[in-house]
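The values are calculated or read from the model by the stated rules, or taken from the named source; none is laboratory data. Values in this document were obtained by computation on a predicted structure and should not be read as measured data. All Cβ positions, glycine included, derive from the backbone under ideal geometry; neighbour counts span all protein chains shown.
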Amino acid sequence: MDQQDPQPEQDEPECQQALDTLYHFLDGELTDDRRRLIQHHLDECSSCLEAYDFEAELKVVISRRCRDVVPDSLRTRVAQALADASGAV
Ligand SMILES: [Zn+2]
(Lines give C-alpha, C1' and ligand atoms only; values in the text may rest on other atoms or scores of the structure.)
Protein backbone atom coordinates (compact mmCIF):
# COMPACT_ATOMS: atom_id res chain seq x y z
CA MET A 1 0.00 0.00 0.00
CA ASP A 2 2.64 2.48 0.97
CA GLN A 3 5.09 0.79 -1.30
CA GLN A 4 6.78 3.35 -3.46
CA ASP A 5 8.89 1.81 -6.12
CA PRO A 6 8.02 3.35 -9.49
CA GLN A 7 11.21 1.85 -10.85
CA PRO A 8 11.98 -1.36 -9.05
CA GLU A 9 15.65 -2.06 -8.77
CA GLN A 10 17.13 -4.92 -10.66
CA ASP A 11 17.91 -7.27 -7.88
CA GLU A 12 17.94 -10.36 -10.03
CA PRO A 13 21.42 -11.80 -9.79
CA GLU A 14 21.30 -12.62 -13.44
CA CYS A 15 20.74 -9.00 -14.34
CA GLN A 16 23.39 -7.82 -11.94
CA GLN A 17 25.83 -10.21 -13.49
CA ALA A 18 24.79 -9.28 -16.96
CA LEU A 19 25.28 -5.59 -16.33
CA ASP A 20 28.55 -6.26 -14.66
CA THR A 21 29.71 -8.26 -17.62
CA LEU A 22 28.38 -5.60 -19.92
CA TYR A 23 31.30 -3.31 -19.31
CA HIS A 24 33.76 -5.99 -20.21
CA PHE A 25 31.61 -6.84 -23.18
CA LEU A 26 31.81 -3.29 -24.42
CA ASP A 27 35.53 -3.24 -23.86
CA GLY A 28 35.86 -6.35 -25.94
CA GLU A 29 37.37 -8.19 -23.03
CA LEU A 30 35.06 -11.17 -23.09
CA THR A 31 35.54 -14.63 -24.39
CA ASP A 32 33.17 -15.87 -27.05
CA ASP A 33 31.33 -17.93 -24.46
CA ARG A 34 30.65 -15.01 -22.16
CA ARG A 35 29.71 -12.87 -25.09
CA ARG A 36 27.15 -15.41 -26.18
CA LEU A 37 25.70 -15.57 -22.68
CA ILE A 38 25.36 -11.82 -22.47
CA GLN A 39 23.87 -11.60 -25.92
CA HIS A 40 21.36 -14.23 -24.94
CA HIS A 41 20.42 -12.38 -21.78
CA LEU A 42 20.04 -9.12 -23.68
CA ASP A 43 17.68 -10.87 -26.05
CA GLU A 44 15.38 -11.76 -23.21
CA CYS A 45 15.81 -8.90 -20.79
CA SER A 46 14.70 -5.52 -22.05
CA SER A 47 15.99 -3.58 -19.07
CA CYS A 48 19.49 -4.90 -19.56
CA LEU A 49 19.20 -4.31 -23.26
CA GLU A 50 18.35 -0.69 -22.58
CA ALA A 51 21.33 -0.35 -20.32
CA TYR A 52 23.46 -1.97 -22.96
CA ASP A 53 22.20 0.36 -25.67
CA PHE A 54 22.92 3.36 -23.53
CA GLU A 55 26.39 2.25 -22.59
CA ALA A 56 27.21 1.23 -26.11
CA GLU A 57 26.14 4.58 -27.48
CA LEU A 58 28.06 6.36 -24.81
CA LYS A 59 31.15 4.39 -25.68
CA VAL A 60 30.88 5.27 -29.33
CA VAL A 61 30.44 8.92 -28.56
CA ILE A 62 33.34 8.95 -26.15
CA SER A 63 35.68 7.06 -28.43
CA ARG A 64 34.80 9.41 -31.25
CA ARG A 65 35.39 12.44 -29.11
CA CYS A 66 38.67 11.06 -27.92
CA ARG A 67 39.88 10.56 -31.43
CA ASP A 68 39.19 14.21 -32.01
CA VAL A 69 41.04 16.90 -30.22
CA VAL A 70 41.31 16.62 -26.49
CA PRO A 71 43.89 19.17 -25.48
CA ASP A 72 46.27 18.14 -22.75
CA SER A 73 45.33 21.21 -20.79
CA LEU A 74 41.67 20.19 -20.78
CA ARG A 75 42.52 16.65 -19.81
CA THR A 76 44.60 17.96 -16.93
CA ARG A 77 41.85 20.29 -15.81
CA VAL A 78 39.28 17.52 -15.85
CA ALA A 79 41.54 15.22 -13.91
CA GLN A 80 42.22 18.00 -11.46
CA ALA A 81 38.53 18.76 -11.08
CA LEU A 82 37.77 15.13 -10.43
CA ALA A 83 40.53 14.89 -7.87
CA ASP A 84 39.32 18.05 -6.21
CA ALA A 85 35.73 16.84 -6.14
CA SER A 86 36.58 13.50 -4.60
CA GLY A 87 38.97 15.08 -2.12
CA ALA A 88 36.64 17.89 -1.10
CA VAL A 89 34.95 17.67 2.26
ZN1 LIG B 1 18.68 -8.51 -17.26
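One table, with the values for the structure above:
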| item | result |
| --- | --- |
| Residue satisfying all of: in segment 67-89; surrounded by fewer than 10 Cβ atoms within 10 Å (Cβ to Cβ) and assigned to a helix (DSSP H, G or I); modelled with the lowest pLDDT among these | Arg67 |
| Where His41 falls short, out of the listed (1) more than 11 Å from the ligand (Cβ to nearest atom); (2) modelled with pLDDT of 85 or more; (3) touching a helix residue (DSSP H, G or I) at 6+ places or on another chain (Cβ under 7 Å) | (1) |
| Enumeration of residues in segment 21-38 that are away from the ligand (no atom under 12 Å from the Cβ) and surrounded by 14 or more Cβ atoms within 10 Å (Cβ to Cβ) | His24, Phe25, Leu26, Leu30, Arg35 |
| Cβ pairs under 8 Å, 6+ apart, first in segment 15-38 and over 17 Å from Asp53 (Cα atoms), second within 16 Å of the ligand (Cβ to nearest atom) and in a helix (DSSP H, G or I) | Leu30/Thr21; Leu30/His24; Leu30/Ile38; Arg34/Thr21; Arg34/His24; Arg34/Phe25 |
| Members of segment 10-20 that are touching a Leu at 6+ places or on another chain (Cβ under 8 Å) and surrounded by 16 or more Cβ atoms within 10 Å (Cβ to Cβ) | Ala18 |
